[in-house]
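*Asks:* Take a look at the following structure, please.
Bear in mind that the values in this text are calculations on the coordinates, not laboratory data. Quick caveat: nothing in here was measured; it's all calculated off a predicted structure. FYI the Cβ positions are ideal-geometry reconstructions off the backbone, even for glycines, and counts take in every protein chain you see.
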Amino acid sequence: MFEHKIAELEGGEKAVAFASGMAAIATSLLSILKTGDSVITHNKYTAQRTYFSRNRFRTRNNVEWVDLTDLSALDAALSRRPAKVLFIECPANPLVEIVDIPAAAKMAHDKGLTVIVDSSWAGPYVMRPLEMGADLVASSASKYIGHNEAMGGYVTGKAELVSQANNYMLTFGGVMAPFNALLTILGLKTLHVRMDRHCENAMEIAKFLEGHPKIQRVHYPDSRATRNTRSQNA
Ligand SMILES: Cc1ncc(COP(=O)(O)O)c(C=O)c1O
């Protein structure tokens, strides 16, 4: 039931649930990348960075670290050598960087790459990467999707890629426990209400910090817009 619900919310053809976000991300990557394949990413979240750094010695995957907020850097990486996957974390952990997913996905697709987006920090109420051109969403459900009572993750998107990830999940065993699926489904019922409040609260904190004399810089997607509005008003 969780898989059906999350596929519908994200706009995926199919979904598969995992024990955690990292199980979803690592399994989907393993199901696509073969020995020697290249992947382009800007990974910010420590576990993902470690996954790519450590695993590339086993799989001999070449990892191109690129600042994906700079599309010319992505263009250069795409021209440097053929790659298999573009892995985008958006919003990125910990500096909440935003990537232009539609533009990046188009550039990657033109070169035949599969585009995976980790949108754990936004979730489907705030952002739907599949509508922006991603082939797969591989995200954590441990944060906003449930009520933080259960770990979880999911992969959703193109049916063929999701089935591939599902087959690897059956072998590697990162399956979501049925009780965690129940808790996460209960969390989904209040997702829209909680996300509106999270966004309101975060914006208030960003505005407060931005005006604070001891704060040099605020990393929040809307903070520059807020500053501009405030200086215009001033
Ligand atoms: C952006 C991002 N992706 C994935 C994960 C991993 O999620 P999980 O803790 O469910 O494995 C995290 C965890 O903090 C994260 O911040």
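*Asks:* With each run of n ≥ 4 DSSP H residues scored as -39500 (n - 2.57), what mean residue ellipticity at 222 nm is computed for the chain after dividing by its residue count and rounding to the nearest 500 deg cm²/dmol?
*Replies:* The helix contribution divided over the chain gives -15000 deg cm²/dmol.
*Asks:* Can you sort 145, 6 by how many other beta carbons sit within 10 Å, fewest first?
*Replies:* 6, 145
*Asks:* Which of the helices in the chain, when you take each full DSSP H run, stretch at least 27 Å along the axis at their Cα atoms and have an average Kyte-Doolittle score of -1.0 or higher?
*Replies:* Membrane-span-like by this criterion, though nothing is claimed about a membrane: 191-210.
*Asks:* Something else now. Anything over 22 Å Cα to Cα? Flag those among 5/158; 143/189; 14/111; 34/158, in the order listed.
*Replies:* Cα-Cα > 22 Å for 14/111; rest within.
*Asks:* Report, in debye and to the nearest 20, how large the dipole of the range 2-190 comes out about its Cα centre when Lys and Arg carry +1 and Asp and Glu carry -1 on their Cβ.
*Replies:* The calculation lands at about 600 debye.
*Asks:* If you don't mind, there's one more thing I want to ask. Using a simple charge model, +1 on the beta-carbon of Lys and Arg, -1 on the beta-carbon of Asp and Glu, nothing else, what dipole does the range 18-81 show about its Cα centre, in debye to the nearest 20?
*Replies:* Roughly 360 debye for the range 18-81.
*Asks:* On to the next question. Roughly how big is the range 81-172's charge dipole about its Cα centre, with Cβ charges of +1 (Lys, Arg) and -1 (Asp, Glu), in debye to the nearest 20?
*Replies:* I would put it at about 220 debye.
*Asks:* Once you have all Cα-Cα distances for the range 2-190, histogram them in 10 Å bins from zero and send the whole-percent values.
*Replies:* With a bin width of 10 Å, the distribution comes to 10, 41, 37, 11, 1.
*Asks:* To check you understand DSSP bridge types, tell me what percent of the beta bridges within the range 2-190 (both residues inside) are antiparallel, rounded to 5.
*Replies:* Close to 45 percent.
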